[in-house]
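What follows draws every value from the coordinates through simple rules; no lab data is involved. Just so it is clear, the model here is predicted, and its values are computed rather than measured. Counting neighbours? That spans all protein chains shown, and the Cβs are built from the backbone with ideal geometry, glycine included.
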Amino acid sequence: MDTRKLVRAAFIAAVYILLVYIFAGVSFGIFQLRPAEALTLLPILYPEAVPALFVAVMLSNILGGLGPWDVFGGSLVTLLAAWLTHRYRHSWIAYASPIICNALLISIYLHLIFEVPYWLAVVGIGVSEAFSVLVLGIPLLKLLERRGSR
C-alpha cells in the first residue's frame, strides 16, 4: 500500500471513529442512527477503505459498551460487507451489502443482548443502516466521484 492509500485509510478510520464518538448517544442499540455508516460505501472508490472500516468499527464499538460480541462481531460483519462492497462495486450489490449484512448478522447478537425478537432487531438495524447508506452515503459517494477523488 502506498503512502497516499495508507493516509486515506487512516483518515477514513479516524472520521468513522469521530462520527461514532460525536453521535454515541444514538449510534448503538436496536434502533440507531450511525452517520458513520455512510462511509461503508467508500470501498466502491477506495480498496483501502476495507481494512480502514474494519479497524474503525472495532475501535468504535468499544465505546458502545456492548462487549466482545459487538467489538469483534461488528467489525467482522463490517469487514465482510466492505469486501462485498468493493468486490461488487459496479453492481447494486455494493449498495445493498452493508444494509443486508448488518441487518441479518448484527441482529443475531443484538437480539440476545437486548432480549428482543430477532426479526425486530433485523428491521431496526436494517432501517437504520439503509438510512445511513442510502440517504447519507450515496450523496457522499457522488460528491467524491464528482470531485475526482482517487
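Results, tabulated for the structure shown:
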quantity	calculated
Under 14 Å, Cβ to Cβ, from Ala121 - net charge with Lys/Arg +1 and Asp/Glu -1	-3
Sorted by Cβ neighbour density within 10 Å, fewest at the top, the residues Asp70, Asp2	Asp2, Asp70
Lys, Arg +1 and Asp, Glu -1 on Cβ, resulting dipole of the chain about Cα centre, debye, nearest 20	640 debye
Pair Phe31, Leu120: separation of 7 Å Cα→Cβ label points (nm)	1.1 nm
At most 15 other Cβ within 10 Å, DSSP loop - GluC sites (Glu not before Pro), the stretch 106-150	Glu115
Sorted by Cβ neighbour density within 10 Å, fewest at the top, the residues Val26, Val50	Val26, Val50
Using distinct alpha-carbon pairs, which all enter the 1/r mean, Kirkwood radius of the chain in Å	15.0 Å
